[in-house]
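Notes follow the structure.
The values are calculated or read from the model by the stated rules, or taken from the named source; none is laboratory data. Owing to the predicted nature of the structure, the values given are computational and were not obtained by experimental measurement. Virtual Cβ from ideal backbone geometry, glycine too; neighbours counted across all protein chains shown.
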Amino acid sequence: MNDEFQIFSGTSNPLLAKGIADHLGMELSAIDLGKFSDGEISVKIQQNVRNSDLFIVQSTCSPVNDNLMELLLMIDAARRASAKSITVVIPYFGYARQDRKVEPRVPISSKVVANLLQTSGVKRVLTMDLHADQIQGFFDIPVDNLFGSLICVNYINSLNLDNLVVVSPDAGGVDRARYYSKRVHGGLAIVDKRRERANVSEVMNVIGDVKGKNCILVDDIIDTAGSISGAAKALIKNGANKVYCFAVHGIFSGKAFERLREAPFEEIIVTDTIPVNETGKLGNMRVLTVSNLFGEAIKRIYKGESISSLFIE
């Protein structure tokens, strides 16, 4: 055990937390997590944390509210046990898509989560691929936002694909797709979705040359998989050779696995920021670990070294 800092894991993603600890040559610190018969969450730290720097690993994925509440209680337990500092490591930040008011009389939920974390006593947040960059501004404490692109680019390059085109599944993801295309030395295309009139299904127009190309759709999140599956079909219809997709966060809610199974993907690539349900996992799905990247970031935070230099080529 490294006595200088400690790593605790919540119940949302214990395998990723263990991978982070393994990268650092450490063991996860002991904590007892459970539920009372009425559903209330119980937390008890099993070892001394006085004057220790703590890193608590917890994705706020489904069940989002349980995982968020468990994280808040872990923070409170650590603070009351006289921890020196508490950094929360949130590989997937739940409520990030509710980052602004899109209609009257609705909350800005990601701001509420930021307030809860700060009030509970957190000194720093470490996360990955926030859905909206402005969420960093919801906090008055440091927020380090890592990028899964580093993992993806290395994997794509290992495939040695020729005639590669990076595709954004919608107009809003063009900057992301452009970033990837530069680093894999591929072309760029966009799938433009529009509904020409009411009660008519969406038409997907492909902007860019994909005929005879190997295409990789890139996004930050796959949730219900409707858009990305439709985009894959549009690419094949427009003459694409093979279609891959990559997303940092694989939520896979609703009919996601069913849609992905029917879509013409050569390979579906995600990271382990959210555990993939092994029961529904598809044969053409590959899960890349982000444990080493988070482990390196934790080490640099503790030592006061640069995080951004991880992504400078």
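Name the strands (runs of 3 or more DSSP E) wholly inside segment 40-90 in which the number of residues that are within 27 Å of the chain's Cα centre (by Cα) and more than 24 Å from ALA297 (Cα to Cα) is 3 or more.
In segment 40-90, 41-45 are the strands (runs of 3 or more DSSP E) which contain 3 or more residues that are within 27 Å of the chain's Cα centre (by Cα) and more than 24 Å from ALA297 (Cα to Cα).
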For VAL248: the one exception among (1) modelled with pLDDT under 95; (2) touching a Gly at 6+ places or on another chain (Cβ under 7 Å); (3) closer than 19 Å to VAL153 by Cα: (1)
First in segment 138-163 and touching a residue at least 12 places away in the same chain (Cβ under 8 Å) and under 29 Å from ASN115 (Cβ atoms), second anywhere and assigned to a helix (DSSP H, G or I) and among the charged types (D, E, K, R), Cβ under 6 Å, 6 or more apart: PHE138/LYS111
Residue, nearest to PRO63 (Cα to Cα), within segment 5-25, restricted to residues that are over 19 Å from the mean Cα position of the chain (by Cα) and part of a loop (DSSP other than H, G, I, E, B): LEU24
Complete set of residues in segment 132-144 that are more than 12 Å from VAL88 (Cα to Cα) and surrounded by fewer than 18 Cβ atoms within 10 Å (Cβ to Cβ): ALA132, ASP133, GLN134, GLN136, GLY137, PHE139, ASP140
Conditions (1) in contact with a helix residue (DSSP H, G or I) (Cβ under 6 Å, 6 or more places away or on another chain); (2) more than 14 Å from GLY10 (Cβ to Cβ): number failed by GLN46: (1)
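Assigned by TED's automatic domain parsing to the domain that holds ASN160, surrounded by 18 or more Cβ atoms within 10 Å (Cβ to Cβ) and not aromatic (Phe, Trp, Tyr), is that true of VAL270?
Yes; evaluated as a whole, the condition is true for this residue.
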Odd one out for ASN277, checked against (1) under 20 Å from LEU164 (Cβ atoms); (2) polar (S, T, N, Q); (3) within 17 Å of the chain's Cα centre (by Cα): (1)
Filter result for LYS281 (modelled with pLDDT under 95 and among the basic types (Lys, Arg)): yes
Meets criteria (out of contact with any Gly (no Cβ under 6 Å at 6 or more places or on another chain), modelled with pLDDT of 95 or more and within 22 Å of ASP272 (Cβ to Cβ)) for LYS18: yes
Checking MET128 against (1) at pLDDT below 95; (2) surrounded by 21 or more Cβ atoms within 10 Å (Cβ to Cβ); (3) closer than 21 Å to GLY295 by Cα, the condition it does not meet: (1)
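Residues checked against (1) under 15 Å from CYS245 (Cα atoms); (2) assigned by TED's automatic domain parsing to the domain that holds ILE20; (3) aromatic (Phe, Trp, Tyr); (4) in contact with a Lys or Arg (Cβ under 7 Å, 6 or more places away or on another chain):
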site	(1), (2), (3), (4)
ASP140	no, yes, no, no
ILE156	yes, no, no, no
LEU159	yes, no, no, no
PRO169	yes, no, no, no
ARG194	no, no, no, no
VAL203	no, no, no, yes
GLY212	no, no, no, no
GLY230	yes, no, no, no
Residue match in segment 106-115 (condition: part of a loop (DSSP other than H, G, I, E, B) and surrounded by fewer than 12 Cβ atoms within 10 Å (Cβ to Cβ)): yes
Residues of segment 283-296 satisfying the condition of being more than 16 Å from CYS152 (Cβ to Cβ) and either surrounded by fewer than 16 Cβ atoms within 10 Å (Cβ to Cβ) or under 15 Å from the mean Cα position of the chain (by Cα) (or both): GLY283, ASN284
Selection count, segment 36-87, where residues are touching a strand residue (DSSP E or B) at 6+ places or on another chain (Cβ under 6 Å), surrounded by fewer than 21 Cβ atoms within 10 Å (Cβ to Cβ) and among the charged types (D, E, K, R): 3
